[in-house]
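Presented below is the structure to which this report refers.
The values are calculated or read from the model by the stated rules, or taken from the named source; none is laboratory data. What you see is a predicted model, and the numbers here were worked out from it, not measured in a lab. Here the Cβ positions follow ideal geometry from the backbone for every residue, glycine too, while neighbour counts run over all protein chains shown. All accessible areas refer to the heavy atoms of the entire protein, side chains included, with ligands and DNA or RNA removed. Shrake-Rupley method; radii C 1.70, N 1.55, O 1.52, S 1.80 Å.
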Protein chains: 2
Amino acid sequence: MTSSTRPPGRPRSSVEAEVFAATLRTIHDLGYTRATVERIAAATGIAKTTIYRRWPTKGALVTACLVDTFEPLSFGVDSREEDIAAAVRYGARQLAEPGVAAAFAGVFTDAIGDPGLRELLTTQLQDPYRQALMESLGLPEQRVLFVIDVVIGTLLHRMGITGEPMVSDDVDTLIAMLQHELR
Amino acid sequence: MTSSTRPPGRPRSSVEAEVFAATLRTIHDLGYTRATVERIAAATGIAKTTIYRRWPTKGALVTACLVDTFEPLSFGVDSREEDIAAAVRYGARQLAEPGVAAAFAGVFTDAIGDPGLRELLTTQLQDPYRQALMESLGLPEQRVLFVIDVVIGTLLHRMGITGEPMVSDDVDTLIAMLQHELR
């Protein structure tokens, strides 16, 4: 993915893909705190100013990177029970990718004291899922936000304590607990 | 709490209390990343070298501070249902204290890429709760670790996204969900 001789006129989507890959790789290698925009830029060969023009802060860059990682899911295709299982498994799989859990935990850490970053996380990362889950599962907003807290929070806490993704046994327990909760 | 003229021969516990209070206050004011040991020391009037002698890294200091915040709970006093409710409410209350959620999310973020810090978090912060819950609730280790992930992860995720502690309605939902799960 790294390239210091990218051709001129490369489409933006390709630059984004390169920056996002370098962001996760750098966070995975150095940890969230030491993964500065400068270091991420150095890993791509793309000018730091170009990156800052597109994403004005490290928080904005990492949030965009997470939005890209957690593609929109299509809910409501199967039964509610199957939708819940698929969503939890998808979340567990994505959080297990190198750098993703650390990126997530890192922006959350920064967001606790940064209202602007919380706004970004809410509108860009959480809202598409909130809306999709409200529509497909036919649940009120408060229920859906609670479920998102439980799924992502539980999976992230496991990564933080053990450094490993949750084993599939426990993912199954999480799914069964939420299927009962939303019955 | 801040004092730059502490008397000589002050007992260690008093120094600890002062350093822990300054740690949470500094994290609350500046965020986890900018709350360096240097800044925490400056907020106390205690020499940085004294702090480093006791807690060799920022991760060790913040972990000790969290252990101090989450005092051992006595479980098994009431019914299992009441024990679960009391434990979740206690966790929610402590995480709502200024600086605590940011400190927690911060060490977790660092721990994802730092096996030594994970070891500290596991043995010093999580193990006393794991053992107490296993004994009082009579549950196997895997169940207890799952419950800890759900409680702390869910509460922290809510703080990360909203910057506010979970409202009591949702804390009640979390309690009821876990009471059913552990029935």
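At a probe radius of 1.4 Å, what is the per-residue accessible area of B:His157, in Å² to the nearest 10?
10
State to the nearest 20 debye the size of the charge dipole of segment A:23-169 about its Cα centre, where the only charges are +1 on K and R beta carbons and -1 on D and E beta carbons.
Charge dipole, segment A:23-169, about its Cα centre: 640 debye, nearest 20.
Using only Cα atoms, tell me the angle between helix A:141-162 and the longest principal axis of chain A; keep it within 0 to 90° and round to the nearest 10.
60
With all protein chains present and a 1.4 Å probe, how do B:Met159, B:Met134 order by accessible area, largest first? Working shown, then result.
On the way: B:Met159 20, B:Met134 60 Å².
So the residues, ranked largest to smallest area, are B:Met134, B:Met159.
Give me the Å³ per residue figure for the convex hull around the C-alpha atoms of chain B.
In chain B, the Cα hull volume divided by residue count equals 125 Å³.
Report, in degrees rounded to the nearest 10, the 0 to 90 angle that the Cα long axis of helix B:100-112 makes with the longest principal axis of chain B.
That works out to roughly 90 degrees.
Run down the lysines and flag those whose C-alpha is under 26 Å from the C-alpha of A:Lys58, throwing out any fewer than 8 positions away in its chain.
Within the straight-line cut-off, A:Lys58 pairs with A:Lys48, B:Lys58.
Round to a whole angstrom and tell me the spacing of the C-alpha centers of segment A:126-171 and segment A:51-106.
Segment A:126-171 and segment A:51-106 have Cα centres separated by 11 Å.
Averaged over all directions, how much area does the convex hull of the C-alpha atoms of the protein assembly as shown cover when projected, in nm²? Could you put the intermediate results ahead of the total?
On the way: hull surface 78.8 nm².
One quarter of the hull surface, i.e. the mean projection, equals 19.7 nm².
How large is ³J(HN,Hα) for each residue in segment A:26-39, as worked out from phi by the Karplus curve 6.51 cos²θ - 1.76 cosθ + 1.60 (θ = phi - 60°), to whole Hz, x for Gly and Pro?
Calculated HN-Hα couplings, in order: 5, 5, 4, 6, 10, x, 4, 5, 7, 7, 7, 4, 4, 5 Hz.
Rounded to whole Hz and in sequence order, give me ³J(HN,Hα) for segment B:43-54 from the Karplus expression 6.51 cos²θ - 1.76 cosθ + 1.60, θ = phi - 60°, writing x for Gly and Pro.
Per-residue couplings from phi come out as 6, 10, x, 8, 4, 4, 5, 5, 5, 5, 5, 7 Hz.
Tell me the total accessible area that A and B bury against each other, 1.4 angstrom probe, in square angstrom rounded to 100.
3500
Enter the accessible area per residue of the protein assembly as shown (Å², integer; probe 1.4 Å; all protein chains in place).
45
Modelled label-to-label distance, B:Ser13 and A:Lys48, 7 Å Cα→beta-carbon offset: nm?
4.9
Could you check how much of the accessible area of the protein assembly as shown is carbon and sulfur, as a whole percent, using a 1.4 Å probe?
The nonpolar share, carbon plus sulfur, comes to 52 percent.
What's the local net charge at A:Thr162, with K and R +1, D and E -1, over the other residues with C-beta under 11 Å away?
-2
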